[in-house]
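Nothing in this text is a laboratory measurement; each read-out follows from the coordinates by a stated rule. Just so we're clear, the structure is a prediction, and the values are computed from it rather than from any experiment. All Cβ positions, glycine included, derive from the backbone under ideal geometry; neighbour counts span all protein chains shown.
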Amino acid sequence: MISQQYSIGNETLCNGYRCDNRVKIKLPMKSQREVSKESLKRHTTPIRPVVWSKFSDEQLLNMRFCDLGITVENSPMSNCMTDLYEELETKKISFRPHCWFSEEWFSPDGVPGIAIPFYLSHSRLRRLERKLMMEVEGGTREECMKILRHEAGHALDTAYQLSRRARWRVVFGKSSMRYPRSYCPLPGSKAFVLHLKRWYAQSHPSEDFAETFAVWLNEPERCQEQYEDWGARTKLEYVAEVMEQVSQRPVICAVRSEVEPLEGNTRTLRSYYREKRRRYAVGKPSFCERDLLRIFTCSTTSSNRMPACHVLEGCRRQLQSVDASWSVQYRYLVEQMLEEMTCRCRELDLCVDRPVNQVKREVLCLLVVNAMTFLQGKYHRLTL
């Protein structure tokens, strides 16, 4: 076979694999009809999605963001935004955040709107995101709506300047506090709601408010039952109170600009993923990697070996049938750990070469041991 090489940043790949002694990650082969960077730079108008959706990964990586030609109105995200607006209407909130495509999820300071990551605009971009990052943040409708509610909380905070209120600061803390590079969550804490992954409400006062708002917006019954004896109940009651006060009032900040939109972004997707993979340490060992390599084996050409991620999905279903007596915090913790393990197994391309039931028992033991370690305070630091 003729060896073919290409690179994302400093990562050289041969025949579709990273040239690395530790881990092999499948990536696409270079196409003979590759679109060169020079030819893309000559484009003055965006390329229609119907064209680039047929590109190879290598061709797509050479494209600039401004050439994607995507809009929220002509993407699946328009339906999600409609659902968000209907939820706001149900709560009698007149404010409607505007949205646009950018590189990441965020709601900018001073602009009551929501930036949505570009890869959610098209299935072809989602496939590229999953291949290079091993997961797609907001890739399912359920997760996408969770994040939209969260970002709507930020946008609403900006629109009504809620974080400047004295009572807001008493309940959540100072929003002016600098964002940390990382944080150490307390998995057993009842002072924060559980909504997005990784105990995100614990990362910063502004995230605490946005998470609390998201839970209040979509889960009124759960607010009453799950958080009955939690400290987070006070936060949910405050959100309900302040929303009743401002729901029909005109906004204080009505800026409708778009921050970091794709239209003027000349960065290539290759540059974006090079930086993103470095930032999130894709390919670096996770907390459970040594145990996963002990339980599973590296994939071979044999077609009768079951992927490790399929076994973990079976463990997830098995746990869901027996976790009724578990505390909310414990269920949430185990779900986070299973997701991280699944993502890492997919990244390492691990599979099963032993009886599945035996492997499942070992996985469940690993989950219990690590969960107890977390709950006893021996948790690891999470990157923000």
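Can you compute 3J(HN,Hα) from phi for each residue in the range 113-120, using the Karplus curve 6.51 cos²θ - 1.76 cosθ + 1.60 with θ = phi - 60°, rounded to whole Hz and x for Gly and Pro?
In residue order, the calculated couplings are x, 10, 8, 10, x, 4, 5, 7 Hz.
Search the structure for amide H atoms under 5 Å from the amide H of residue 265, placed 1.01 Å from N in the peptide plane, and list their residues when 5 or more places away or on another chain.
66
The range 51-93 to the range 173-187: how many Å between their Cα centroids?
About 30 Å separates the Cα centre of the range 51-93 from the one of the range 173-187.
For the peptides 186-193, 338-345, what is the packing order when you average, over each peptide's residues, the other Cβ atoms within 10 Å and list the highest mean first?
Details: 186-193: 17.5, 338-345: 19.9.
The most tightly packed comes first, giving 338-345, 186-193.
Under a plain spin-label model, where a point goes 7 Å from the Cα along Cα-to-Cβ, how far apart in nm are residue 91 and residue 167?
The answer from the label model is 1.6 nm.
Quick check: net charge around residue 310, other residues with Cβ under 13 Å of its Cβ, Lys/Arg +1 and Asp/Glu -1?
Working: positive: 305, 316, 317, 346, 360; negative: 313, 349.
Cβ neighbours under 13 Å give a net charge of +3.
Mind running the shape call on the range 77-246? Use the C-alpha gyration tensor, a ≥ b ≥ c as the square roots of the eigenvalues: rounded below 1.5 for a/c, prolate if a/b tops b/c, oblate otherwise. Display every interim value, and only then the final one.
On the way: a/c = 1.56, a/b = 1.36, b/c = 1.15.
Verdict is prolate for the range 77-246.
With N set to the residue count of the range 62-136, report its C-alpha Rg divided by 2.2 N^0.38 Å to two decimal places. Please report the intermediate quantities before stating the final value.
Details: Rg = 13.9 Å, N = 75, 2.2 N^0.38 = 11.3 Å.
Normalised Rg, Cα atoms only: 1.23.
Sticking with the crude label model, points 7 Å out along Cα→Cβ, report the distance from residue 356 to residue 316 in nm, one decimal please.
The two pseudo-label positions are separated by 1.6 nm.
Exceeding 24 Å between C-alpha atoms, which entries from my cross-link table qualify? They are 91/235; 146/190; 92/197. Working shown, then result.
Numbers: 91/235 17 Å; 146/190 20 Å; 92/197 28 Å.
Result: 92/197 exceed 24 Å.
Once fully extended, how much extra length lies between residue 197 and residue 237, figured as 0.36 nm per residue of separation less the alpha-carbon to alpha-carbon distance? Walk me through the numbers before you get to the answer.
On the way: separation 40, 0.36 × 40 = 14.40 nm, distance 2.26 nm.
Between residue 197 and residue 237, full extension yields an extra 12.1 nm.
Please give me the summed charge of the neighbours of residue 353: other residues whose Cβ is under 15 Å from its Cβ, Lys and Arg +1, Asp and Glu -1.
Numbers: positive: 294, 305, 354, 360; negative: 349, 362.
Local net charge: +2.
What FRET efficiency would be calculated for the residue pair residue 249, residue 184, taking the C-beta separation as r and a Förster radius of 45 Å, to the nearest 0.05?
Step by step, r from the Cβ atoms, then E = 0.70.
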